[in-house]
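Read-outs throughout are calculated quantities, based only on the coordinates presented, and are distinct from any laboratory measurement. Computed from a predicted structure; not experimentally measured. Note that we place each Cβ from the backbone using ideal geometry, even for glycine, and neighbour counts take in every protein chain shown.
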């Protein structure tokens, strides 16, 4: 059974497809998967035992994207089933030209449901397979790093936008307060080097030396493996938060403008959300539309430290 899967663009969304993908494999045990999507999303599936081929979407860089999608569809081969967890126009073009006995695209109607994103993806899969399988745990296949000492991970970034980001000085306050119990690792993407460097400087100015800054220095495999071995993770609502959930890492997640009921840590019993119930939230904006950023500004370091005590 040859199956083509297009993943969501974002890291966290792709992690949240994994219960649906595992249910798909349970339905078709002889499945051979071809995974297609952005570089970060496809890298998550590189060690998966059922993945035969990974195709990174480079068509966005092409002048005539529709033509590039046509050529790609003709090059990847033939399939028994092609599914996409996206509902973009480019997806419709790709699957139109793709040779597959059955083709199914995630509908925007699923996005309107006020349920967790994992459930939305799984409901989509159930409709394809005509079953009623429940979504289980998030599932990644990277081996956890073994640290010599209890280690705290700090993730101050959030790719979607600055409205999702708590403040560097408060992350630094929390990390400094916990530095006698944990070694500290700062995580972040290439575009988050500046904010992470600011946190590192603030922590070191407090006399803390057991800190490592890995912002912009990790592959997806490195990121997942290192998060998987942590003793504690403190993070904004982000892709790395979902990686931590896959490994049941004790996690404190700071939520501001996003829908926490739809993108919270799926089936992680060792997790706590810190957030404020405001009239303006969740606004789902990349930047605060009323310029106050109160949903994040009103969360103090003491509240996050209290959440740490609860989660541990």
Original post:
What full-extension length gain, to one decimal in nm, is calculated for residue 279 and residue 309 as 0.36 nm per residue of separation minus the Cα-Cα distance?
Top reply: 8.0 nm
Original post:
Which whole number of Å³ per residue matches the convex hull of the alpha-carbon atoms in the range 2-129?
Top reply: 97 Å³
Original post:
Given the options 19, 144, 289, which has the most mean-square fluctuation in a GNM of the chain, springs set between C-alpha atoms less than 10 angstrom apart?
Top reply: 289
Original post:
For residue 210 and residue 62, what does the FRET efficiency come to when R0 = 30 Å and r is the distance between their Cβ atoms, rounded to the nearest 0.05?
Top reply: 0.05
Subject >> Which of 10, 266, 166 has the fewest Cβ neighbours within 10 Å, and the rest in rising order >> reply: 10, 266, 166
Subject >> Shape box of the range 74-143 [Cα atoms, principal axes, largest first, Å] >> reply: 35, 35, 23
Original post:
Using a basic spin-label model with each label point 7 Å from the Cα along Cα→Cβ, how many nm lie between residue 217 and residue 109?
Top reply: 5.0 nm
**OP:** Over 27 Å, how big is the tail of the calculated P(r) for the range 151-311, in percent of all Cα pairs?
**Re:** 15 percent
Original post:
Nearest 10 degrees, 0 to 90: what angle lies between the long axis of helix 117-129 and the longest principal axis of the chain (Cα atoms)?
Top reply: 20 degrees
Original post:
Distance from the Cα centre of the range 131-197 to that of the range 232-265, in angstrom?
Top reply: 9 Å
Original post:
What whole number of Å gives the distance from the Cα centroid of the range 33-85 to the Cα centroid of the range 1-17?
Top reply: 10 Å
Subject >> R0 of 22 Å, Cβ-Cβ distance residue 52-residue 131: FRET efficiency to nearest 0.05 >> reply: 0.40
**OP:** Show me 167-180, 238-251 ranked by packing, highest mean number of other Cβ atoms within 10 Å first.
**Re:** 238-251, 167-180
Original post:
Looking only at 93, 25, 290, which one moves most when the chain is put into a Gaussian network model with springs between Cα atoms under 10 Å?
Top reply: 290
Original post:
Taking only Cα atoms, what is the 0 to 90° angle, nearest 10, from helix 168-178's long axis to the longest principal axis of the chain?
Top reply: 70 degrees
Subject >> Value of relative contact order over the range 179-312, rounded to a whole percent, pairs C-alpha under 8 Å and six or more apart >> reply: 18 percent
Original post:
Per 5 Å bin from zero, what fraction in whole % of the C-alpha pairs of the range 97-188 is there, up to the bin with the longest pair?
Top reply: 2, 9, 12, 12, 13, 13, 12, 10, 8, 5, 2, 0
